[in-house]
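Everything below concerns the one structure shown next.
The numbers here are math on the coordinates, done by the rules we state, and not lab data. Quick caveat: nothing in here was measured; it's all calculated off a predicted structure. Cβ: placed from backbone, ideal geometry, glycine included. Neighbour counts: every protein chain shown.
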Amino acid sequence: MDPLEARTKSIQWEWNVNILFQEILHYAVIWIAFLRASFARGLQFRSDFFFRILMDCFYYAVNLGFFEVLLHHTSELGSLNTEQTRIFVAGFLFMDGLYMTFFSSSLWLFPDLIRKGNFDYTLVRPVSSFFLTVFRDFSVGSFFNFLIACAILTYQISTSSYAPSEVGSWLSVSLYILFLLVGTSIMLATRLLFLVPAFWFTQVDALRDLSWSIQNIGERPSGVYPDRVRFVFTYIVPVLTAFALPSESFLLGWPLDRWLPLTGVAVLFWGVLLFFWKQGTRAYSSASS
Amino acid sequence: MSLPRQLFRIELERALTYRLDFIMRILAKALSVSLISWFLWKSIFAANQTQEIGGITLEQMGVYYLFLPLTLMLVMNLDYDSLSTDIYDGSLSKYLLYPRSYLWMTFVRKIASSWISIAPYLVVWFGFVLLLPHSALAQTPIEVLFFYLIWSLIAFPCFFLLSSILDLLAFWFEQTWSLRSILRFTALFLGGGYVPTELFPEGLRYWVELLPAHSMLGFQTLVLAKGTLPAAETLYHQLSLLMAWSLVSGGVVWILWRRGLKVFSGSGM
């Protein structure tokens, strides 16, 4: 390669990196604007804001209470012992809090936007329609509960034998948090895949309800299910991959057969989702959709 | 045609407009609750190598969780939130001009919506009975099944009144759906919607059984699961508890309704 060609390639690479950085910055600025608007809107209706916090607190209390009643009768739940089960519960509450805070409000409105033709306003804007749809609404009320979920997870880990005491265990906990984030992203992709048919069908409320119902499957340790059921909900409808595998990988010492599906399914489902999103936005024909 | 029959017909038409959506929603909820709970309890029974937990066998647990979604649909149909919506968007104004009580109409519509929703469940259960003719489910005595349905009908007004208290707060607050969700979570947990209340720790169980949720949901479902009618003493106790809570809730609903109408602007929030 002659020096001129090498120099041209180097400049082109720098240019591409520069554009990518500017794009990320651009979207970060938009997201901060969404955040400000969401805070202003959320705090405007104070009673609703307070009730939402209260509602999520009850949701957490009920889930913790449910597992405590189960643990009152058994010391082993799907190959997890009492201590591990408590961390498992805290893990899915953390993911639920994350999802409810960052994505749930936006996704709730999505089918209605399409049905009523209001998705036009998303498509005409000079930014990614996917980004606008997924990140538009930040749930301020749920954010406070997400902090409570973080506190529950911290408490459960720090009072268990999994409490980090050396560099290796700190790495393990960091990896666990990373896997919880990956699990949340799989949950987001799965939920969206249940909603994307809204581009082609009038009513997807049943599919939305179905996606909520099957989330419950992931909120139990994967060991309680027979092999075939576990396979279906790990690879085909990956609710176990999203909810159970991150915690089980951490609690059972990162076995390959647990965390490999997690990363593989995440990549696959995001690929499928983006494909259908592209097809859906092409098929969209305003209110007549 | 009488008003209740007319309202039943409207609700049926509403449900049948989006048939597939309606059936899928109900079956998805029912099957997810029943199957998840079945696998969970099967693994617990296997891990403990026991025949019964808290006096309930695995088979009875299966019947309990199979009928639980039906109980929830019959007693606490929370999908229907017309009361607070009507207050919020001002639709209440037109109903106030009708020569019928708005609360009575809402009650009939809700009960109609609940009982119409049981049709898809019945198909599933008939399937179960045909597939498993020797199971506890198939051999449930008819009088127990009858008791279960009558009790669910009696429990419905109690839950309707409790949820109406929260709905009527829409006269003063922008949103009340989160409060209804709180009621749903709490009633589900305390009423045996997650775990039969018989399995709660002894000290907690005493207090939980004084609350209305157990009488509304778990009581008749467990009677059905066990396949035997309760003792007369238990029956009177549960019935008086249900009546007492209904009366108290009814009183609160009446007060909120009267006061709410005074602050209702006619055009919603």
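Working from label points 7 Å from Cα in the Cα-to-Cβ sense, the A:Phe131 to A:Ala163 distance is 4.3 nm. Evaluated at q = 0.12 Å⁻¹, the base-10 log of the normalised Debye intensity for segment B:3-263, with identical point scatterers placed on the Cα atoms, takes the values -0.77. Charge dipole of the protein assembly as shown (Cα centre as origin; +1 on each Lys and Arg Cβ, -1 on each Asp and Glu Cβ, all else neutral): 1500 debye, rounded to the nearest 20.
Between A:Trp270 and B:Ala136, the distance separating the two model label sites (each 7 Å from Cα on the Cα→Cβ line) works out to 4.7 nm. Projecting label points 7 angstrom from Cα along Cα→Cβ for B:Arg14 and B:Ser93 puts them 2.1 nm apart. Taking the Kirkwood radius as Rh and the Cα radius of gyration as Rg, chain A has a ratio of Rg/Rh equal to 1.02. As a calculated quantity, the FRET efficiency between A:Trp108 and B:Val129 at R0 = 35 Å, using C-beta atoms, amounts to about 0.35.
Take each uninterrupted DSSP H stretch in chain B, measure its Cα extent along the helix axis, and return the ones at 15 Å or beyond whose mean Kyte-Doolittle hydropathy is at least 1.6. Those that pass (Cα extent of 15 Å or more, hydropathy at least 1.6) are B:119-131, B:142-168.
With the helix formula -39500 (n - 2.57) applied to DSSP H stretches of n ≥ 4, chain B reaches a computed 222 nm mean residue ellipticity of -23500 deg cm²/dmol. Applying the criteria of a DSSP loop state and at most 16 other Cβ atoms within 10 Å to the trypsin sites (Lys or Arg not before Pro) of segment B:1-110 yields B:Arg100. Taking the average, over residues, of other Cβ atoms within 10 Å as the packing measure, peptides B:253-261, A:182-190, B:195-203 rank A:182-190, B:195-203, B:253-261 from highest down. Computed on the Cα atoms alone, the convex hull of segment A:1-123 gives a volume of 234 cubic angstrom per residue. What is the calculated FRET efficiency for A:Glu83 to A:Ile11, with r their C-beta to C-beta distance and R₀ = 56 Å, to the nearest 0.05? In this case the efficiency is close to 0.50. For the protein assembly as shown, place one equal point scatterer on every Cα, skip the solvent, and apply the Debye formula. What is log10 of I(q)/I(0) at q = 0.07, 0.11, 0.13 Å⁻¹? Debye output, listed in q order: -0.46, -1.16, -1.60.
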